[in-house]
Amino acid sequence: MSDLISTKPYMIRAIHEWCVDNNLTPHLLVAVNTQTRVPIAFVKDGEIVLNLNYSATKDLHMDNEAIVFSARFGGVSQNLYVPMNAVKGIFARENGQGMFFEIDTKMNAENVSGNVDSDVASKSTTATEKKKPTLTIVK
């Protein structure tokens, strides 16, 4: 049998839709790596939380490989790229319900983005390697 497609992107899209349908604000927890293009000034401990509500994003596109959209940070519009291997979780801001995922500590760094300098990338990878994944029960 051939390799199956990961369920992770499907679950992320489903939780996002559930949040929107219930008038909740979907937030994405991202482990910043060399492939991730996010505003570095907002990264804390190698992670960033992004608001994925349609009112906070422009041209939001989620496929099996990545989440791509534009958002404003400090009044400046920026294009963001989050590969699926960097997504740690998606949850509703109002009640914390959502789904969290294990992160591969050996995140594929072959396609290095020019927006993350090597010092920040190495620090964020080291930070994610030290933390153990957590599991949140979704009822």
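The values are calculated or read from the model by the stated rules, or taken from the named source; none is laboratory data. Values in this document were obtained by computation on a predicted structure and should not be read as measured data. So basically every Cβ, Gly included, is an ideal-geometry build from the backbone, and we count neighbours across all protein chains shown.
Report yes if some residue within region 115-138 is among the aliphatic types (A, V, I, L, M), under 21 Å from LEU24 (Cα atoms) and modelled with pLDDT of 95 or more; otherwise report no. Scanning region 115-138 turns up no residue that is among the aliphatic types (A, V, I, L, M), under 21 Å from LEU24 (Cα atoms) and modelled with pLDDT of 95 or more.
Being at pLDDT below 90, in a loop (DSSP other than H, G, I, E, B) and not acidic (Asp, Glu), is that true of even one residue in region 76-98?
Looking for residues that are at pLDDT below 90, in a loop (DSSP other than H, G, I, E, B) and not acidic (Asp, Glu), one finds none in region 76-98, hence no.
With respect to PHE69, determine if the residue is hydrophobic (A, V, I, L, M, F, W, C) and more than 14 Å from the chain's Cα centre (by Cα). So PHE69 fails the test. Within region 30-59, the set of residues being within 11 Å of the chain's Cα centre (by Cα), closer than 21 Å to VAL76 by Cα and not basic (Lys, Arg) comprises VAL30, VAL32, THR36, VAL38, GLU47, ILE48, VAL49, LEU50, ASN51, LEU52. Restricting attention to region 47-80 and to residues that are in contact (Cβ under 8 Å) with a residue 12 or more places away in the chain and acidic (Asp, Glu), the residue that is surrounded by the most Cβ atoms within 10 Å (Cβ to Cβ) turns out to be GLU47. Could you tell me which residue of region 4-43 is surrounded by the most Cβ atoms within 10 Å (Cβ to Cβ), considering only residues that are among the aromatic types (Phe, Trp, Tyr) and farther than 14 Å from LEU80 by Cα? Of everything passing the filter in region 4-43, TRP18 is surrounded by the most Cβ atoms within 10 Å (Cβ to Cβ).
Enumerate the strands (runs of 3 or more DSSP E) found wholly within region 1-70, keeping only those where 1 or more residues are more than 14 Å from ALA92 (Cβ to Cβ), in contact with a helix residue (DSSP H, G or I) (Cβ under 8 Å, 6 or more places away or on another chain) and not aliphatic (A, V, I, L, M).
47-51
In the set (1) under 23 Å from VAL138 (Cα atoms); (2) at pLDDT 95 or above, the condition left unmet by ASP59 is number (1).
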